[in-house]
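This report refers to the structure that appears directly beneath it.
The values are calculated or read from the model by the stated rules, or taken from the named source; none is laboratory data. Nothing here was measured: the structure is a model prediction, and the numbers come from that model. Every residue, glycine among them, receives a Cβ derived from its backbone with ideal geometry; neighbour counts consider all protein chains shown.
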Amino acid sequence: MKIAILSRRAKLYSTLRLVEAATAAGHEVEVIDTLRCYMNIASHKPSIYYKGKSLPYFDAVIPRIGASVTFYGTAVLRQCEIIGMFPVNESVAISRSRDKLRSLQLLSRKGIGLPITGFAHSPEDTPHLISLVGGSPVVIKLLEGTQGMGVVLAETPKAAESVVEAFAGIKVNILVQEFIKEADCSDIRCIVIGGKVIASMKRQAKEGEFRSNIHRGGSASTIKITPEERVAAVRAARIMGLNVAGVDILRSNHGPVVLEVNSSPGLRGIETTTGIDVASKIIEFIENNAKPNKTRTKGKG
């Protein structure tokens, strides 16, 4: 089987591990720099070119598309889908999960537990918006943030109003969420592949920090998740349409709440913490599911 990995950096841990796992399983694998691809969007013969040559046909494509290149990366992946290549995660699903507001609205509609979340345009509505989510402290998030960047904990109403006004001044969209104090600045990252949680870990923020991302200095440990948490993770990935996902969950007094669904979860932390070969699980999913033109949206949407 020929497998392409859409990744801007071939030496990233996650990309290297996927190459190792695919090669060990006997597959041909090539890392493709997403931004070096360009397309001929023609109805009679749509095609993709890479570094001056026609991109060969791959049986499967593993998208490792960074948040900063979501628009172009999903366009390239969509072209792969139109040609008939099997995407591990479809372009529509990736776009859906990257839009924080849309993803929360979709999860809410299906009854998934979420932190109380507010969204508004005018800073004049800030005091009421803060009260809607339970009052301070509140978490304020940029819609386009990733890996904990663009996330602020405002501990007083005045601080919250100042942060919201600052973001409004530079015309960026934000969410305001309740702060789940009982989570004790930790969350649970579940890796879902093919509708099953295959690995999970607890991430704990470093002292003096509330963001538990490992990229922000947080620590990780193994954890046994509850049946409710397992169901929430699987359902969240399914609602997003993702075959491979990292689902971040908080333990609240009213049950598990989903923070975010990540379409390109990093592998270093989860593999190092749990000892589970997640990369090989992804390759196994491809082996069991990859077929030509097996894309639900067929490049639409």
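Does segment 236-248 contain any residue that is out of contact with any helix residue (DSSP H, G or I) (no Cβ under 7 Å at 6 or more places or on another chain) and in a loop (DSSP other than H, G, I, E, B)?
First, pick out the residues of segment 236-248 that are out of contact with any helix residue (DSSP H, G or I) (no Cβ under 7 Å at 6 or more places or on another chain): 237-238, 246, 248.
Next, only the ones that are in a loop (DSSP other than H, G, I, E, B) stay: none.
Checked against the condition, which is being out of contact with any helix residue (DSSP H, G or I) (no Cβ under 7 Å at 6 or more places or on another chain) and in a loop (DSSP other than H, G, I, E, B), segment 236-248 yields no hits at all.
Put simply, of 136, 200, 162 the only residue that is within 16 Å of the chain's Cα centre (by Cα) and among the small types (Gly, Ala, Ser) is 200. Could you tell me whether any residue of segment 113-131 is touching a residue at least 24 places away in the same chain (Cβ under 8 Å), within 29 Å of residue 290 (Cβ to Cβ) and assigned to a loop (DSSP other than H, G, I, E, B)? The answer is no; no qualifying residue exists.
Out of the residues in segment 1-51 that are assigned to a loop (DSSP other than H, G, I, E, B) and touching a residue at least 60 places away in the same chain (Cβ under 8 Å), which is nearest to residue 267 (Cα to Cα)?
The initial filter retains those residues of segment 1-51 that are assigned to a loop (DSSP other than H, G, I, E, B), namely 1, 7-12, 25-27, 33, 41-46, 51.
Keeping just the survivors that are touching a residue at least 60 places away in the same chain (Cβ under 8 Å) gives 1, 8, 25, 27.
Numbers: 1: 23, 8: 16, 25: 18, 27: 20 Å.
So the residue we want is 8.
Only a single item in (1) among the acidic types (Asp, Glu); (2) in contact (Cβ under 8 Å) with a residue 40 or more places away in the chain; (3) closer than 20 Å to residue 291 by Cα is not met by residue 99, and it is number (3).
Does residue 141 satisfy being within 29 Å of residue 264 (Cβ to Cβ), charged (D, E, K, R) and part of a strand (DSSP E or B)? Judged against the criteria, residue 141 is a match. Considering segment 160-209, the qualifying strands (runs of 3 or more DSSP E), each wholly inside and each with 2 or more residues that are surrounded by fewer than 20 Cβ atoms within 10 Å (Cβ to Cβ) and not aliphatic (A, V, I, L, M), run over 196-204.
Determine which member of the set 94, 65 is assigned to a loop (DSSP other than H, G, I, E, B) and within 23 Å of the chain's Cα centre (by Cα). Outline the logic, then answer.
Working: 94 fails: assigned to a loop (DSSP other than H, G, I, E, B).
Result: 65 is the single residue among 94, 65 that is assigned to a loop (DSSP other than H, G, I, E, B) and within 23 Å of the chain's Cα centre (by Cα).
Within segment 78-94, the set of residues being at pLDDT below 95 and among the small types (Gly, Ala, Ser) comprises just one member, 84.
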